[in-house]
1. Quick one: which residue in LEU118, LEU95, LEU163 is of a type outside the set (Phe, Trp, Tyr), at pLDDT below 90, open to solvent by less than 20 Å² (accessible area, probe 1.4 Å) and in a helix (DSSP H, G or I)?
2. Between residues in the stretch 83-97 that are free of Cβ contacts under 8 Å to residues at least 40 places away in the same chain and residues that are of a type in the set (D, E, K, R), which pairs lie under 6 Å by C-beta distance while being six or more apart or on different chains?
3. Got at least one residue in the stretch 169-177 being farther than 25 Å from VAL30 by Cα, open to solvent by 20 Å² or more (accessible area, probe 1.4 Å) and either assigned to a helix (DSSP H, G or I) or in contact with a Ser or Thr (Cβ under 8 Å, 6 or more places away or on another chain) (or both)?
4. For ASP538, indicate whether it is at pLDDT below 95, within 23 Å of PHE137 (Cβ to Cβ) and open to solvent by 30 Å² or more (accessible area, probe 1.4 Å).
5. Could you go through the stretch 473-488 and let me know if any residue there is touching a residue at least 40 places away in the same chain (Cβ under 8 Å), assigned to a loop (DSSP other than H, G, I, E, B) and within 31 Å of the chain's Cα centre (by Cα).
6. Out of SER308, SER371, I need the residue that is of a type in the set (S, T, N, Q), open to solvent by less than 50 Å² (accessible area, probe 1.4 Å) and at pLDDT 90 or above. Which one?
7. Of all residues in the stretch 620-634, count the ones that are out of contact with any helix residue (DSSP H, G or I) (no Cβ under 7 Å at 6 or more places or on another chain), assigned to a helix (DSSP H, G or I) and in contact (Cβ under 8 Å) with a residue 40 or more places away in the chain.
8. Of the residues ALA338, ALA316, only one is surrounded by fewer than 20 Cβ atoms within 10 Å (Cβ to Cβ), at pLDDT 90 or above and within 28 Å of ASP291 (Cα to Cα); which?
Amino acid sequence: MSSATFDLLHPQVQKAVWSMGWKEFRPIQVKAIHQVLEHSGHLIITAQTAGGKTEAAFLPIISKLVGNPQPSIQALYVGPLKALINDQFERLEKLCEALNIPVHRWHGDVSASRKKELRQSPAGILLITPESLESNFINYGNQIPRLYRYLEFVVIDELHSFLDNVRGVHLLSLLARLCQATALKPRIIALSATLGDPQAGCRFLSPDQPDAVSLIDDPNSQREIKFGIRVHLRRSLNDSEKLIEPRLKPAEALQIAERLTANDLQSESPCRKENTPELSPSIRKPGYEPDDELDEIAEDIVHNFVRSTNLVFVNAKSTIEKLAVKLHDRVKMEKLAADPFVVHHGSISKELREEAEVQLKSDTPTTAICSSTLEMGIDIGGVQAIGQVDTPWSVASLVQRLGRSGRRDGDAAIMRLYVREISPHFGSGLTELLYPDLLRAVALTRLMLEHWLEPPDIDRMHLSTLIHQVLSCLKQTGGMTALRIFETLIQYGPFRQVTKQSFTELLKSLGQKKFIEQVSEGELILSPLGEKTTSSYDFYAAFKGTEEFIIRDGNEDIGSLPANHIPPVGEHIILGGRRWRVEEIDAMAKTVFVSPARGGKAPEFLGAGGELHTRVLKEMRTVLSERDEPPWLNENAKLLLRAARSTALKCGVIQNDVLLMPHRVQWFPWVGSRGLLTLKVYANTLSVAHELDKLSITYYVDSPEVFFNHLEEIANSSAEARELARFIPVRAIQKYDDLLPDVLLDEANGHDYLDLKEAKDVARQALLAHRQAKTH
């Protein structure tokens with residue numbers, strides 16, 4: 001152990017380190033100890049999961065605190081998840097138990113008596129979520145200066161999870177208010193395992209002086225990676241009660257791809273009875289349920305995950321439950337001595353989650369079938385491998401989940417990625433036959449191996465969160481002038497992009513909607529409706545739970561869909577295994593009225609599942625155009641990739657992103673979610689009939705000239721983002737968007753969700769390719 005580093009620590013901390021059996025510090029810990037104890041300024045520490053970041057931050061912090069105890073919280077740790085806070089609490093309590101530094105935690109599962117003890121005798125280190133910190137301001141606003149009077153440090157764990165979202169700007173606002181209430185500027189130390197753009201992290205922590213933020217990374221953090229992609233075909237969504245669609249093997253899917261001609265691929269449904277007779281459905285026998293792709297995945301998981309501790313991440317909670325049932329059934333069928341499978345996601349009870357966590361930490365082999373709740377949660381050092389069912393939406397998520405394995409020295413990080421694609425069927429469209437989820441899996445993997453991560457978008461306006469914080473400030477103080485609120489939240493807070501004029505319009509709207517009112521002295525106060533809103537437990541979170549729109553056919557409720565998945569009137573959705581046409585959207589009643597769709601292809605709608613970066617789409621196109629077959633693809637994945645490439649070559653999408661077909665044009669712009677939404681909005685504004693799927697936009701036009709004229713209109717459009725934003729199908733996306741005046745909501749949506757430059761660029765590129773083709 002480096003004596004120069006060890007000697008910097010307080011003698012009591014040195015003794016604690018020796019008593020815990022430490023032989024040496026890791027490189028990031030050495031750097032952090034020197035940086036914190038010998039220098040000033042904010043700090044970001046990046047290293048792989050289980051790389052020693054927590055100790056890197058807290059060893060120097062407790063060396064500062066142990067010799068200078070004060071009657072206040074002196075170090076504040078902010079984490080995104082309760083499970084993570086609980087785990088870090090145990091680690092810090094063990095580290096601090098001999099140092100007389102109290103360690104506290106505050107979240108919804110901590111008892112009221114524990115919280116009362118902390119309020120009465122604040123001291124030491126507090127671990128908290130942003131929402132619980134908000135509850136401090138709401139419920140104990142006048143005690144904030146006393147509770148945090150001697151605050152020296154703020155540690156933000158999993159920094160990447162806060163960078164480009166509502167919780168992040170909410171946290172920054174709370175920290176700015178904390179600094180103003182205490183007249184202190186505590187030092188911030190941020191920790192992250194997956195930081196795509198460290199400079200964006202610096203701007204997040206210190207927008208005025210990002211260059212003053214120091215960066216520490218671990219040069220020795222690379223581990224061996226063992227990675228494999230497996231493909232499973234599933235039946236189409238049109239499987240009825242009477243018929244069973246065939247579920248082909250990947251080799252059969254390749255045979256169909258090789259048999260289809262360029263003329264076949266001009267059709268909206270290339271697979272027909274005369275060219276693919278093997279796709280004819282069979283009669284469903286009473287009581288018979290055919291096996292499906294989850295049975296195959298469950299079989300593979302049982303054979304590879306039962307003898308060790310593992311995590312299997314699944315994108316959808318409904319799939320978690322279905323897979324768990326199949327795993328339990330297979331354990332019984334194979335008569336295994338013990339069932340190692342547990343479930344962990346946010347919709348099950350706290351008790352069940354905690355039972356699963358205890359089992360994962362035990363010496364008994366356990367595999368959790370989980371959502372993102374364990375992506376950043378408890379420290380399970382013995383995780384051998386990761387399973388991932390369905391392709392993630394970002395490289396960052398893939399890296400974060402892979403990093404949960406191989407955390408012991410010398411262990412490899414292991415992942416088995418299970419990709420599910422729809423088996424070819426009579427209704428298959430061109431995009432389905434390109435197997436987009438497999439393309440995305442291959443693209444994400446290649447980008448991960450190149451060490452590329454999505455850069456965070458930290459420049460959004462976040463007007464909904466600003467409304468939340470205005471209401472919070474008034475609840476905390478009982479009343480403030482408009483100027484004081486502006487200074488607190490905008491001038492010295494994180495909402496720097498909001499002008500005084502926009503802020504004035506926002507306050508007027510809150511007054512008109514009866515959430516605030518102005519008293520004779522000039523102060524703004526909460527109205528009865530504002531008091532009711534801020535008194536709700538739901539108010540602590542600036543983000544909203546997924547807002548659902550009811551989908552209704554006449555008087556019959558078909559189901560529900562998230563607000564940001566609702567297409568505009570005239571387009572189609574798939575729900576309950578049936579196609580529906582959107583007839584009317586009642587935003588106030590959160591209801592979408594539909595009718596059965598007759599004929600045509602009902603595509604998947606924009607944004608189903610997550611937001612994709614343009615770099616990922618470009619990489620998907622590259623994967624489609626190349627011939628190599630990576631060794632980390634299993635044989636079925638290689639067969640399906642060959643099928644996708646065969647189809648792409650025949651339809652011409654490799655040579656030309658624009659495919660001209662009878663009465664329609666199918667355009668593959670290869671842009672991310674923001675660019676695709678912008679193209680969609682342009683079509684809405686210009687009343688061009690269109691539909692979107694996972695890779696393309698299909699325009700229903702009488703001739704190719706109409707389409708290319710539309711591209712000219714996009715390329716030469718002078719419309720501003722706020723003007724186009726009026727045509728976003730569902731405009732109120734964030735929690736308090738309904739309280740914004742229309743002009744501000746359109747300004748925010750245009751700024752936050754549209755990318756005019758990218759849309760115009762791809763339109764010009766398509767036009768240029770068209771002109772060049774005409775001259776040859």
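1. LEU95
2. PHE89/ARG105
3. Yes, some residue in the stretch 169-177 is farther than 25 Å from VAL30 by Cα, open to solvent by 20 Å² or more (accessible area, probe 1.4 Å) and either assigned to a helix (DSSP H, G or I) or in contact with a Ser or Thr (Cβ under 8 Å, 6 or more places away or on another chain) (or both).
4. Details: at pLDDT below 95: yes; within 23 Å of PHE137 (Cβ to Cβ): yes; open to solvent by 30 Å² or more (accessible area, probe 1.4 Å): yes.
In short, yes.
5. Filtering the stretch 473-488 down to residues touching a residue at least 40 places away in the same chain (Cβ under 8 Å) leaves 473-482, 488.
Those left that are additionally assigned to a loop (DSSP other than H, G, I, E, B): 478-479, 481.
After this cut, where a residue has to be within 31 Å of the chain's Cα centre (by Cα) as well, the list is none.
No, every residue in the stretch 473-488 fails to be touching a residue at least 40 places away in the same chain (Cβ under 8 Å), assigned to a loop (DSSP other than H, G, I, E, B) and within 31 Å of the chain's Cα centre (by Cα).
6. Numbers: SER371 fails: at pLDDT 90 or above.
The unique qualifying residue is SER308.
7. 2
8. Testing whether each residue is surrounded by fewer than 20 Cβ atoms within 10 Å (Cβ to Cβ), at pLDDT 90 or above and within 28 Å of ASP291 (Cα to Cα) leaves just ALA338.
The values are calculated or read from the model by the stated rules, or taken from the named source; none is laboratory data. Values in this document were obtained by computation on a predicted structure and should not be read as measured data. Backbone-built Cβ (ideal geometry, glycine too); neighbour counts: all protein chains shown. Keep in mind that these areas ignore ligands, DNA and RNA; they rest on the heavy atoms of the full protein, side chains included. Shrake-Rupley method; radii C 1.70, N 1.55, O 1.52, S 1.80 Å.
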